[in-house]
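Single-structure report; data block below.
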Amino acid sequence: VPAERAHPRAPRAVSAKEPPAANWSTARLRARLIDGERPLPHATVLWSEIAGGSIAPPRESSTRTDADGVVELPNPELGAVVLGFVERDGLWLPFVRLRVPVAVGAIDLGDLAVAPRAVSGQVVDAHGAPVAGARVAVLPAAASDAELPYVTYTDHGGRYRFAALPSGPLRLWADCGTAGFASVDLDAAADVAVLQTPESGVISGVILSVDGQQFAGAWVMLVRSIGDTAMMPGVGRGTANLCVHADADGQVRVSGLPPGTWQVLGQGLRDGRLYGGGGTVATDGTFRLELRPVRG
């Protein structure tokens, strides 16, 4: 069964009513889950409701399909994005994603095919070398800001694999540490993606102690306000954060960064005492950060 069939057709309103005064509807979402031509009886289903414009965590509930593979979600929140997942062979397979209409009675989604969509690939730096331990995140191309991404990490060869992703177009991001960030769009028919960080967008600097000595091993965080989630989802909406540590000479170098002004926050331990400091630097610039003893 093609993965694209896991996307429902346009919702069909049945016996529509006037919307209630509160945000909670009297509607019911209904679907029959099928595997090929067979229904999925007594399968465990997880519903996740993401309220529009809310920073609150999703409202989640679980249930099971009946003997005919039918599952319902009663009283979804009006305007919320509803995600449905069904458990199959140890995997949670997404089978539906829709926004609940404001004026609706019942929504019959009909038969929804459940088929795992695997996506794999590699993360490499600007020179083509594999990036081990990169954080790879995936979201549907039309996802809202509040939706949480699917996340995995690359192995020693820079390889990654997702076993159960939604159908339709996807967007992938990779946080590659000092190699920067990478992203790529994947169409509905594709199942392989290589993410490569750009060589441009370099920030470099040196971390020093108050006596002018190089501060080896100091932790340095680069923070930039971005106003959207264009760089990496799931790491704080509206900000980008990158944490690295200085080498033996107190040097820091990061590439693959977008234009902008970054806050530089540094911390380090020496002789059992904590040191800290901060400053700013623009992309493609250099900085010199002095760490001073922290009181307390």
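Just so it is clear, none of the values below were taken in a lab; they were calculated from the coordinates. Please read all numbers here as calculations on a predicted model, not as lab measurements. Note that we place each Cβ from the backbone using ideal geometry, even for glycine, and neighbour counts take in every protein chain shown.
Structure data summary
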quantity: Förster-model FRET efficiency, 30 Å R0, Arg30 and Arg159, C-beta, rounded to 0.05; calculated: 0.15
quantity: Dipole of the range 63-218, positive end: most advanced residue of Ala137, Pro74, Trp92 [Cβ charges, Cα centre]; calculated: Ala137
quantity: Förster radius 41 Å - calculated FRET efficiency between Asp111 and Val151 (Cβ-Cβ, nearest 0.05); calculated: 0.85
